[in-house]
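Please read the structure below before turning to the comments.
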Amino acid sequence: MKKAREGGDVKKSGIRRSVAREIAYIALSVSLITVCAWISFPVMQVPITLQTLAVALIGALMGWKRGLAAIFVYILMGLIGIPVFSRFNSGVGALFGPTGGYIFGFLFLALVPALCKYIPLKNKWGRAGIFFAASVVGETLCYLFGTVWFILMYHCTLEYALATCVVPFIVPDLVKFVVAAALAARLEKYVK
C-alpha cells in the first residue's frame, strides 16, 4: 500500500514539474517576444522590430504547441491592455488596427519553423538551413495575411501596402532569420 502511494506521489510530482516547465517555457517565450517588440527602429509607418526574430526562434526551439501557445498568450496580453506590442502599444485599437494582421500572422511564423523541428537531421548547419527556410515560408504567410488585412483596413492598393509593410522589411527579416536559425540550431538541444 505504501509503495503504491509513493508511486502515485512520484507520478503527481512529475506531472507538476512537467506543467511548471511548460508554463515557464511559454512565459519565457512571451517575454522574449515582448522585449523584442520594444526594440524598434522607426521606418515609415511600421517600425522594424526584433519581434520576427523572436517568433521564428521560439517556433524552432519550442515546437508547435508551446510556440502557438506563446503567440496566443502574447496576443491576449496585448488585447487586454498590457503594452506588449511595438512602441509599447496595446489594446483593441492596436490589435485590430491596420497592422494587426501582421501580429496575427505571427502564428504562421511560429508554426512553420516549429513543424521543421521534427525533421530528423542531426547536422547543425543543415538544421539551421531548414529553420531559415521555414522562417522565410512562415514570414511569407505572415506578410500575405497582414497585407490583406492592411488593404482591407486602409482601403488602399496592393502596391501601397507592399511598399509600406513588406518591401522595407524583407532584408532586415532575412538577416533576423539567419540569426534565429543559427541560435535555434545551437540551442535546441537544451530545450526539453
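The values are calculated or read from the model by the stated rules, or taken from the named source; none is laboratory data. All of these numbers come straight from a predicted model, not from anything done at the bench. Every residue, glycine among them, receives a Cβ derived from its backbone with ideal geometry; neighbour counts consider all protein chains shown. Accessible surface areas use protein heavy atoms only, side chains included; no ligands, DNA or RNA. Shrake-Rupley method; radii C 1.70, N 1.55, O 1.52, S 1.80 Å.
Kindly evaluate residue 188 against the criterion of being of a type in the set (Asp, Glu), in contact with a helix residue (DSSP H, G or I) (Cβ under 6 Å, 6 or more places away or on another chain), under 17 Å from residue 51 (Cα atoms) and assigned to a helix (DSSP H, G or I). Spelling it out, it is not the case that residue 188 is of a type in the set (Asp, Glu), in contact with a helix residue (DSSP H, G or I) (Cβ under 6 Å, 6 or more places away or on another chain), under 17 Å from residue 51 (Cα atoms) and assigned to a helix (DSSP H, G or I). Just one residue in the set 150, 108 is closer than 30 Å to residue 192 by Cβ, modelled with pLDDT of 95 or more and assigned to a helix (DSSP H, G or I); that residue is 108. Within the bounds of the range 114-127, is there any residue that is under 19 Å from residue 49 (Cβ atoms), in contact (Cβ under 8 Å) with a residue 24 or more places away in the chain and out of contact with any Gly (no Cβ under 7 Å at 6 or more places or on another chain)? No, the conditions are met nowhere in the range 114-127.
Tell me whether the range 15-26 contains one or more residues that are surrounded by 16 or more Cβ atoms within 10 Å (Cβ to Cβ) and modelled with pLDDT of 95 or more. The answer is yes; a qualifying residue exists.
Rundown of residues vs (1) open to solvent by 30 Å² or more (accessible area, probe 1.4 Å); (2) modelled with pLDDT under 95; (3) part of a helix (DSSP H, G or I), yes/no style:
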site: 118; (1), (2), (3): yes, yes, no
site: 122; (1), (2), (3): yes, yes, no
site: 131; (1), (2), (3): no, no, yes
site: 135; (1), (2), (3): no, no, yes
site: 138; (1), (2), (3): no, no, yes
site: 141; (1), (2), (3): yes, no, yes
site: 159; (1), (2), (3): yes, no, yes
site: 169; (1), (2), (3): no, yes, yes
site: 182; (1), (2), (3): yes, no, yes
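From the list 67, 126, which one is out of contact with any Cys (no Cβ under 6 Å at 6 or more places or on another chain), crowded, with 20+ Cβ neighbours inside 10 Å and not basic (Lys, Arg)? Going through 67, 126 in turn, the sole match is 67. Restricting attention to the range 84-93, does a residue exist that is part of a helix (DSSP H, G or I), over 26 Å from residue 181 (Cβ atoms) and open to solvent by less than 50 Å² (accessible area, probe 1.4 Å)? Yes; the residues of the range 84-93 include at least one that is part of a helix (DSSP H, G or I), over 26 Å from residue 181 (Cβ atoms) and open to solvent by less than 50 Å² (accessible area, probe 1.4 Å). Listed by first and then second residue, the pairs with beta-carbon distance under 8 Å, at least 6 apart or on different chains, first residue in the range 84-96 and within 21 Å of residue 147 (Cβ to Cβ) and in contact (Cβ under 8 Å) with a residue 40 or more places away in the chain, second open to solvent by less than 60 Å² (accessible area, probe 1.4 Å) and in a loop (DSSP other than H, G, I, E, B), are 86/47; 87/47.
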